[in-house]
Amino acid sequence: MRPRPRLSNARSELCLPSWSLSGCVRGVMLRDTRGVALSPEQRFSHYPATPLCSLSWYLDGQIDMLEAGHAATPDAPRRRMPARWVFSGPQTQPVVTWSHGPAIGATKRSMPSGSCHPIGGPWVSR
């Protein structure tokens, strides 16, 4: 199999949990674009619809969320993320974010049951 070309030099990682945590935590995704020149199109991050809960934190940079139902284009309507830490329940539709420039953030995905999430459940996007 031929290696696929990289889309950018941004650091993107998926960290899997230990076996003992895998019943609740499904993984942590990291994206770091600091020190990398990205085009406006490369500043989008795409998150699929999921039955999992998410806890996202943004350590550096300004992040916007695109309005639901709009294509990922530089002129799409969007709003600033409300905080550096954002919790979301299961998502019934994909979510797209856009960074204004260099940024670093991570998202922890976990099961929605109250025993696995510190603030309990049930949570579903509407």
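The values are calculated or read from the model by the stated rules, or taken from the named source; none is laboratory data. On a predicted model such as this, the values are computed, not experimentally measured, just so you know. Backbone-built Cβ (ideal geometry, glycine too); neighbour counts: all protein chains shown.
Please determine, by comparing only the residues of the stretch 53-79 that are in a strand (DSSP E or B) and more than 15 Å from the chain's Cα centre (by Cα), which one is nearest to residue 43 (Cα to Cα). Checking each candidate, the answer is 78.
Can you say whether residue 84 is surrounded by 12 or more Cβ atoms within 10 Å (Cβ to Cβ), at pLDDT 90 or above and on the phi < 0 side of the Ramachandran plot, as far as the supplied structure shows? No: the conditions fail for residue 84. Within the stretch 37-66, residues that are on the phi > 0 side of the Ramachandran plot sit with their Cβ atoms under 6 Å from residues that are surrounded by 19 or more Cβ atoms within 10 Å (Cβ to Cβ), at 6+ positions apart or across chains, in these pairs: 61/99; 61/103.
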